[in-house]
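Enquirer: Can you keep this structure in mind? I'll have questions shortly.
Please treat every number below as a calculation from the coordinates, not as lab data. Owing to the predicted nature of the structure, the values given are computational and were not obtained by experimental measurement. Cβ placement follows ideal geometry from the backbone for every residue including glycine, while neighbour counts extend to all protein chains displayed.
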Amino acid sequence: MEVTQFMAGTQAEGEFAIAATPIDNPDAAYLAATTKLDFSDLPDGTSVETLSDDVLFVTFSEPLVKFTVPDNWATWSSPPFSEDPTPAVLYSTANTLTIDISRPVSIFGFELEPSPFAEIEFTADFYRGDSLVESITRVVDGDAGARLFAREDSAINRVVITGGSDFAIAQIRYQSAPIDATLTAAIVALIIVIVALILL
């Protein structure tokens with residue numbers, strides 16, 4: 001019988017299979033540069049389809065369930081591999097999840113741990129529209145081995161997570177992408193044309 005998080009600690013290092021601009025661990029620079037979408041105040045067992053703050057919202061392709069370590073999710077990892085050994089988590093009953101982000105972000109990340117107490121491979125594909133920007137693959141241990149899936153640089157607005165089991169995510173963080181200079185110039189030019197037409 002497979003032992004999982006719901007039954008309830010060796011920390012796996014995890015390993016990158018693909019790496020372009022990943023952020024390996026939630027270090028001080030990553031934490032300072034990002035904003036966390038905090039859901040810790042939600043009651044355990046709450047079904048979550050979206051998270052938001054004053055800047056953006058994220059939408060999940062399926063409802064997730066809020067749990068807390070160690071009350072009803074058995075384990076997590078500890079710093080430097082995670083922010084906190086006892087976080088609030090969002091549990092996915094499936095082995096795939098899409099996260100849609102309401103506006104482009106230049107940094108996006110989350111911690112992930114599988115439900116089974118086993119080493120399982122997960123991939124996070126980061127997209128801008130339909131274009132794949134980057135993929136990060138890590139082998140993550142479900143026994144106190146949560147790891148960060150995060151990347152920076154080119155703006156993205158969607159993440160697809162796939163793996164070999166059900167899983168939980170925590171510490172969802174982002175940094176908004178700067179406004180595209182080309183788009184800004186086009187808007188300014190349009191405003192000038194409109195003003196010129198009004199003055200004619």
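Enquirer: Quick one: plug the Kirkwood hydrodynamic radius of the chain (C-alpha pairs) into Stokes-Einstein at 20 °C, 1.002 mPa s, and report D in µm²/s. Let's see the in-between values first.
Expert: Values: Rh = 17.7 Å.
Rounded to a whole number, D works out at 121 µm²/s.
Enquirer: Another question about this same structure. Please report the spacing between the Cα centers of the stretch 146-167 and the stretch 99-117 in Å, no decimals.
Expert: Each part reduced to its Cα centre gives a spacing of 5 Å.
Enquirer: If you don't mind, there's one more thing I want to ask. Just rank L148, L51, L97, fewest to most, by other beta-carbon atoms within 10 angstrom. Each step should come with its number before you reach the end.
Expert: Working: L148 28, L51 19, L97 22.
Ranked by crowding around the Cβ, least crowded first: L51, L97, L148.
Enquirer: Another one. Quick one: which residues, 5 or more positions from V133 or on another chain, have an amide H under 5 Å from its amide H? H modelled 1.01 Å from N in the peptide plane, none for Pro or chain starts.
Expert: Here the answer is F126, Y127, R128, since their amide H atoms fall under 5 Å of that of V133.
Enquirer: Could you compute the net charge surrounding S52? Neighbours are other residues with a C-beta less than 13 Å from the C-beta of S52; K and R count +1, D and E count -1. It would help to have the intermediate numbers written out before the result.
Expert: Values: positive: K36, R103; negative: D38, E49, D53, D54, D100.
That sum, taken over residues with Cβ under 13 Å, equals -3.
Enquirer: With a sphere of radius 12 Å drawn around the Cβ of N72, what net charge do the other residues whose Cβ falls strictly inside it have (Lys, Arg +1; Asp, Glu -1)? Kindly include the intermediate steps, with their values, before the conclusion.
Expert: Details: positive: K66; negative: D44, D71.
Net local charge, N72 excluded: -1.
Enquirer: If you don't mind, another one. What is the fewest-to-most order of V69, V89 by other Cβ atoms lying within 10 Å of their Cβ? Show your work: numbers first, answer last.
Expert: Values: V69 24, V89 29.
Ascending Cβ contact count within 10 Å gives the list V69, V89.
Enquirer: Something else about it: When the dipole is taken about the Cα centre of the stretch 28-199, and only Lys, Arg (+1) and Asp, Glu (-1) are charged at their Cβ, what size is it in debye, to the nearest 20? The partial results should precede the final answer.
Expert: Numbers: 9 positive and 24 negative charges, 111 e Å.
So the dipole magnitude of the stretch 28-199 works out to roughly 540 debye.
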